[in-house]
Amino acid sequence: MTDASATPTPSEAPAQEPQQDSAEPIERKSFLSWLSVGWIAFAAATGGFFTMMGRFMFPNVLFEPPQSFTIGFPDDFQIGVVDERFKDSRGIWVVRSYDGLYALSTVCTHLGCTPNWLITDNKFKCPCHGSGFRKSGINFEGPAPRPLERYKVTLTEDGQVFVDKSVKFQYEKGQWDLPGAILKV
Amino acid sequence: MLELIKNTIDFLSQPSISLTMILVAFPFVFPPTEKFDVWHRKLKLHKIWTKQGGMIGLVFITLYFFLGFTDEHFSLILKKPDNVPIIFIIYSVLFFLWLSMYQAYENDQRLAAGEPVAEYYPAKEKVLVWPDLVFIEFIALILMTVFLLIWSIALPAPLEQAANPTLSPNPAKAPWYFLGLQEMLVYFDPWIAGVLFPSLMILGLMAIPYFDRNKEGSGYYSFAQRRKSIFIFLYGWLVLWIFPIVVGTFFRGPNWNFFGPFEEWSVAKVVALSNVNLSDYIWVKMLRIGLPSNPLIRESVGIVFILAYFGLIPIVLARGKLRALPEKLGPIRYGLIVFLALAMMLLPIKMYLRWTLNLKYIIAIPEAFFNI
Ligand code: FES
């Protein structure tokens, strides 16, 4: 079916002039200028689109929970207990050990899932790829490459514990010894 | 008796054992060289790719799932709407594998006897694309739509509660087609398993026509004429892609622990998985001097290891076993092929290192988000 038209027979091959005269021939120059108009329009539209996309990334108002907050008095926290009260609202675990009190981030350092605190096994365990962290936040099993991050903890003037999530302390950079990584109480 | 079978299956399904079995069996089932082919036929494995072989396989898999559906634990996993596609996957992957191998083996026989292949079609008669082919495609399209509609009505997609960033479901599973990647993430850093390996897969697949210029077997199925290419491809497809998806779907439970199919998914299951970096092994356990503070010195052994793996092995192979290849393929093609093959081997190697030595990372530079 398609064969007949695909292979021209010698009889119809010659003489056929390109059928240009029926339509207005487009001059090379005007074609080029149309082309540039088209491209400029295209670039403007895409540029505008991406600008708006970019603008979208910086909203006027951010409905985020505050990055720094007080969580109560040091004595509200028992020694040796992982406090899960602020996990949902603030994204931190508060742990008090004999050395002091620290706030652990609830973001797994592997790919960002939220681990669970398993009381019986005494560890944080991530449900995504099985990373495990000790109470201190040190990673010891699974693929997580580094320990959980700690947030800055200080005391307010009236003696409450103040957590500042904008300041992070990373163990692998040796920051857990810096002031603020742990609150001696 | 049934319990015994179930326990055996549970035991054999552990990734360390099942992967080993698959890797050992693989060259005998898909012989990449003539030598393996001799064994392949001695062990009567070529019978798999006959009609009886296919039937027996079908019966076995169906029995397995039957056992699963009657088991209180496995049925929970099988009946989950998320997992239904995986049952389809197992059936369809194996069916099409069998079908193509069946046709290939038949053609191999014909070729050996000097006959034309089954796909050979005397060019005088023609089947028209329109209406013959388009019509078949149209009907297939309608049937597929009907099937999808019924499926989506009968097994509605599970809607869960509103997303909450502070709560990851346990186990937190990716969609089924990503479970292979999620399984790789257990062994690798997100950059490697989530970015580098997937890109290599896509680029590698795209590059196949440039690597494999073998004209034989084009337009018809044949195994004997393209043993090595089919072997390599099926290794990537079945072992590196389908196998991890099945493991991720059926065998990963709470806390991403491994569970045999007939085992109960208990949150309380504790598996000790303490992992240690290569640098810890070297500096702390062997040399007993503690980790050097400079990350490059600390990880030097791992870096040397990886560089040697990707740098030396191709050279050694080019001098030794694969002497003929660099000349035949040209240095660039040879280098790229060996690089991709080595990358494909890295996954099982890393898995075994994890299982045997609890090795976490060969190179671990968390300071720079670089871990292998
Ligand atoms: S995200 Fe936690 S283990 Fe991967």
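The values are calculated or read from the model by the stated rules, or taken from the named source; none is laboratory data. Here the structure is a predicted model, which is why all the values come from computation and not from measurement. Note that we place each Cβ from the backbone using ideal geometry, even for glycine, and neighbour counts take in every protein chain shown. The accessibility values were calculated without ligands, DNA or RNA, using every heavy atom of the protein model including side chains. Shrake-Rupley method; radii C 1.70, N 1.55, O 1.52, S 1.80 Å.
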| message | Students often check this: by mean Cβ neighbours within 10 Å, which of B:294-303, B:128-137 ranks highest, and how do the rest follow? | response | B:294-303, B:128-137
| query | Using Cα pairs under 8 angstrom and six or more residues apart, how large is the relative contact order of segment A:53-148, in percent? | reply | 16
| request: Between residue B:285 and residue B:25, with labels modelled 7 Å along Cα→Cβ, what's the label distance in nm to one decimal, could you check? | output: 3.2
| query | Can you list the residues of segment A:122-147 that have at least 30 square angstrom less accessible area with all protein chains present than in their chain by itself, probe 1.4 Å? | reply | A:125, A:127, A:128, A:129, A:140, A:141, A:142, A:143, A:145, A:146
| query | Which residue, B:42, B:79, B:269, tops the fluctuation ranking in a GNM of chain B built on C-alpha contacts under 10 Å? | reply | B:42
| Where the centroid of each part is defined by its Cα atoms, how far is segment A:87-110 from segment B:69-90 in Å? | 37
| field | Drop in accessible area of at least 40 Å² in the complex versus isolated chain, residues of segment B:170-189, 1.4 Å probe | value | B:185
| Largest-first ellipsoid semi-axes for chain A, taking √(5λ) over the Cα gyration tensor eigenvalues, angstrom | 68, 24, 13
| task | Output the Cα-based Rg and Dmax of segment B:176-287 in Å, rounding Rg to one decimal and Dmax to a whole number. | result | 19.3, 60
| query | How far is helix A:28-56 tilted, in degrees, relative to the longest principal axis of the Cα atoms in chain A, given as a value from 0 to 90 rounded to the nearest 10? | reply | 20
| said: So if I take the centroid of the Cα atoms in segment B:205-266 and the same for segment B:281-354, what is the distance between those two points in Å? | reply: 23
| field | Column: log10 I(q)/I(0), Debye, Cα scatterers of segment A:68-177, q = 0.12, 0.20 Å⁻¹ | value | -0.37, -1.05
| field | For segment B:278-371: accessible area per residue (Å², 1.4 Å) | value | 58
| note | Using the Kirkwood radius over Cα pairs of chain B, the Stokes-Einstein translational diffusion coefficient at 25 °C and 0.890 mPa s, in µm²/s and rounded to a whole number, is 102
| task | Would you calculate a helix-derived [θ] at 222 nm for the protein assembly as shown, using -39,500 (n - 2.57) for each DSSP H run of n ≥ 4 and dividing by the full residue count, to the nearest 500? | result | -14000 deg cm²/dmol
| request: Within a 10 angstrom radius of each residue's Cβ in B:363-371, how many Cβ atoms of other chains show up on average? Whole number is fine. | output: 3
| note | Scattering profile of segment B:222-372 from the Debye formula, Cα beads only, expressed as log10 I(q)/I(0) at q = 0.09, 0.18, 0.20 Å⁻¹, is -0.45, -1.17, -1.25
| task | Would you kindly state how much longer the chain becomes between residue B:61 and residue B:211 on full extension, computed as 0.36 nm times their sequence separation minus their alpha carbon distance, in nm to one decimal? | result | 50.4 nm
| message | Just to be sure I understand: if you take the accessible area of chain A alone plus chain B alone and subtract the pair, with a 1.4 Å probe, what total do you get in Å², rounded to 100? | response | 2300
| Given Cα pairs under 8 Å that are at least 6 residues apart, what percent is the relative contact order of chain B? | 23
| query | Charges only on Cβ, +1 for Lys and Arg, -1 for Asp and Glu: so what's the dipole of chain B about the Cα centre, in debye to the nearest 20? | reply | 1180
| Which of the lysines could a cross-linker bridge to residue B:42, judged by Cα under 27 Å and excluding same-chain residues fewer than eight apart? | B:51, B:228, B:321
| query | Order of A:139-151, B:328-340 by packing, highest average Cβ count within 10 Å first? | reply | A:139-151, B:328-340
| task | Using a 1.4 angstrom probe on heavy atoms only, work out the carbon and sulfur share of the accessible area of segment A:68-177 in %. | result | 46
| query | What pairs in A:87/A:173; A:184/B:350; B:44/B:328; A:184/B:360; B:47/B:173 have C-alpha atoms more than 30 Å from each other? | reply | A:184/B:350; B:44/B:328; A:184/B:360; B:47/B:173
| request: List every DSSP H helix in chain B whose Cα atoms extend 24 Å or more along the helix's own long axis and whose mean Kyte-Doolittle hydropathy is at least 0.0. | output: B:51-70, B:84-112, B:134-154, B:300-319, B:331-357
| request: Return the sequence-ordered ³J(HN,Hα) values of segment B:71-81 in whole Hz as given by the Karplus equation 6.51 cos²θ - 1.76 cosθ + 1.60 applied to θ = phi - 60°, using x for Gly and Pro. | output: 8, 5, 8, 5, 5, 4, 6, 5, 7, 5, x
| Residue mean of other protein chain beta carbons inside 10 Å, B:153-166 | 1
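Give the calculated FRET efficiency between residue B:109 and residue A:98 to the nearest 0.05, with a Förster radius of 51 Å applied to their Cβ-Cβ distance.
The pair residue B:109/residue A:98 has a calculated efficiency of 0.10.
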| task | Would you list, by chain and number, the aspartates and glutamates whose Cα falls below 18 Å from the Cα of residue B:80, excluding same-chain residues fewer than 8 positions away? | result | B:71, B:72, B:160, B:263, B:264
| task | For segment B:278-371, give the percent of accessible area contributed by carbon and sulfur heavy atoms, probe 1.4 Å, rounded to a whole number. | result | 75
| note | Descending accessible area (1.4 Å probe), largest on the left, turns B:195, A:167 into B:195, A:167
| field | Percentage relative contact order, chain A, counting C-alpha pairs under 8 Å, at least six apart | value | 16
| request: Using only atoms on other chains, find how many Cβ atoms lie within 10 Å of each Cβ of peptide A:109-119 and report the average. | output: 4
| query | Considering the dipole of chain B built from charges on the beta carbon (Lys and Arg +1, Asp and Glu -1) around the Cα centre, which of B:194, B:90, B:104 is farthest to its positive end? | reply | B:104
